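Beneath this line is the structure, given in structure tokens, with notes to follow.
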Amino acid sequence: MVKVASIPPKEPGFLKIPVRRQRARFVPVEHFQPPSVTSAKILIEELGLLSSGPNAIDWGKIIPYKGAIYSAIGEVFSASRTNGVEPAPRVPVEEQQTLTWGGLSIKLGLSFWAMLGQVNLPHLNIVLGVPTDFYHAFAYLSLNAARNVAADLVAKHGRDVTAWWKNADHIKWDKLADSLLVTSGAYMFLATFKDMLHVYYGGAKIEWLVTPFLITTLDGFINSITRKYRGFNGKVVYYDWFRPLVGDLAATVCLLAAGSDLKSGFAYLMIRKVFCELWSGHWESAEKRREKIDDRLKDYDKIFDFDAYQVPDPRAVAAVSLVFVVNNKTQAKPALIKKFFPAYLAENKNKEKVLSLHQAMQEDERVLAAINWLLPHEKWTGYREVLWRQFIENRNNYLNWLRQEEPMFFALNGEKTL
């Protein structure tokens, strides 16, 4: 009997394709903490006999910073898929949830739906929202989207527009879509609430005071609650209380200066929105940038903690990790040159650590020996080659950058530094 081949599975439809591929987090199968260099070597040898790839080892138990090794592992897997080669068996991984084009479309649709018409809740006898022209809704939501994009890119790459274009994949589309939903929902409730106030206070002289005060207070409350729910820290939540007040004051001043009618709703609303987004974008990007810098400082603390390494030559392995972080992690350079080194080098005992790491960095034999110790098996040749190639590229970029930033920090030919 001849078995007819089954029809190959179809590619997922466009709406099911992820907007942005999220890398899976490695979850190694072995979490044993080696108490010594010898036990670490035995662990690597034994697990290497059982697994095709070095991702069966929890490298964080052997070296404090494991990012460079996992980067090499990931590149080997990517190359295997690209070349049509069956990749080595992977250990269990925890897949990160991704936003698909279908999910993005639904959230965008709901955002416009909340702004373009009215939501009738018949059982509650409530009608929410005020009908809005499409181009008004589009302009309003576009400002919100632009702020989210700018906050993500400025937080990681500063104000370098060139870097923005090269790293557009750092935009968090899932959070952007959530932000649009929150914005349109808040717009719907606030517009309804404003109409209710007009009904109760219409024609009253006190309306010009009551309506702005209540709307601003409710808007600030909604901003803070939704920011807290979406995971922002306390500082961003605190400053978002003042977001509507800043927008109202700025819009009032602008329209008074232009001699325009403050009751021309859309003009006032858009000017207010611009200043609200500038205010939120500033604090959001500043806090994201601070968090990134704090993460890099923790990375550097691990890298220079030579006592925590379970390898024969900690400084050589630390050199691989240092140049990887500086060249591949956001806010790594300002964190190193402006924060970490000034504080770390204030203690004389740390100067020797920094000097010895940079000396090891420039000795190819030591780094190669360290890589061979970490990845000893013949079937791991591809991982060794990738890790070595990444190190050479990262080291060249690092040394060129450091020479420009701090020409007196160290010299390449064994000259005395520091």
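Being in contact with a Leu (Cβ under 7 Å, 6 or more places away or on another chain), modelled with pLDDT under 90 and open to solvent by less than 30 Å² (accessible area, probe 1.4 Å) is the requirement here; does residue 277 meet it? Judged against the criteria, residue 277 is a match.
Screening residue 152 with (1) charged (D, E, K, R); (2) farther than 23 Å from residue 275 by Cβ; (3) in contact with a Lys or Arg (Cβ under 8 Å, 6 or more places away or on another chain) gives one miss only, at (2). The number of residues in the stretch 228-240 being over 15 Å from residue 175 (Cβ atoms) and surrounded by fewer than 16 Cβ atoms within 10 Å (Cβ to Cβ) comes to 3. Among the residues of the stretch 333-354, those that are in contact with a Lys or Arg (Cβ under 9 Å, 6 or more places away or on another chain) and among the aliphatic types (A, V, I, L, M) comprise 335, 336, 345.
Does residue 303 qualify as being at pLDDT 90 or above and either touching a Gly at 6+ places or on another chain (Cβ under 7 Å) or farther than 21 Å from residue 36 by Cβ (or both)? I'd like the intermediate steps shown before the answer.
Details: at pLDDT 90 or above: yes; either touching a Gly at 6+ places or on another chain (Cβ under 7 Å) or farther than 21 Å from residue 36 by Cβ (or both): no.
Considered against the rule, which asks whether it is at pLDDT 90 or above and either touching a Gly at 6+ places or on another chain (Cβ under 7 Å) or farther than 21 Å from residue 36 by Cβ (or both), residue 303 comes out as no.
Among the residues of the stretch 300-329, those that are over 20 Å from residue 374 (Cα atoms), part of a helix (DSSP H, G or I) and either among the charged types (D, E, K, R) or open to solvent by 10 Å² or more (accessible area, probe 1.4 Å) (or both) comprise 301, 327, 328. When residue 405 is tested against (1) modelled with pLDDT under 95; (2) touching an Asp or Glu at 6+ places or on another chain (Cβ under 7 Å), exactly one condition is not met: (2). Looking only at residues in the stretch 165-181 that are basic (Lys, Arg) and open to solvent by less than 80 Å² (accessible area, probe 1.4 Å), which one is farthest from residue 144 (Cα to Cα)? Selected residue: 172. Among residues of the stretch 231-242 that are closer than 9 Å to residue 284 by Cα, those with a beta-carbon under 6 Å from a residue that is aromatic (Phe, Trp, Tyr) and surrounded by 18 or more Cβ atoms within 10 Å (Cβ to Cβ) at least six positions away or on a different chain give the pairs 236/283. Assess whether residue 174 counts as being of a type in the set (Asp, Glu), out of contact with any Leu (no Cβ under 8 Å at 6 or more places or on another chain) and in a helix (DSSP H, G or I). Judged against the criteria, residue 174 is not a match. For the structure I just gave you, tell me whether residue 212 is over 27 Å from the mean Cα position of the chain (by Cα) and in contact (Cβ under 8 Å) with a residue 24 or more places away in the chain. The answer is yes for residue 212.
Residue-level check: of (1) buried (at least 19 other Cβ atoms within 10 Å of the Cβ); (2) free of Cβ contacts under 8 Å to residues at least 12 places away in the same chain, residue 370 misses just (2).
The values are calculated or read from the model by the stated rules, or taken from the named source; none is laboratory data. Treat the numbers as computed from the prediction; the structure is a model and nothing was measured. With ideal geometry, Cβ positions are generated from the backbone for all residues, glycine too; neighbour counts draw on all protein chains shown. Keep in mind that these areas ignore ligands, DNA and RNA; they rest on the heavy atoms of the full protein, side chains included. Shrake-Rupley method; radii C 1.70, N 1.55, O 1.52, S 1.80 Å.
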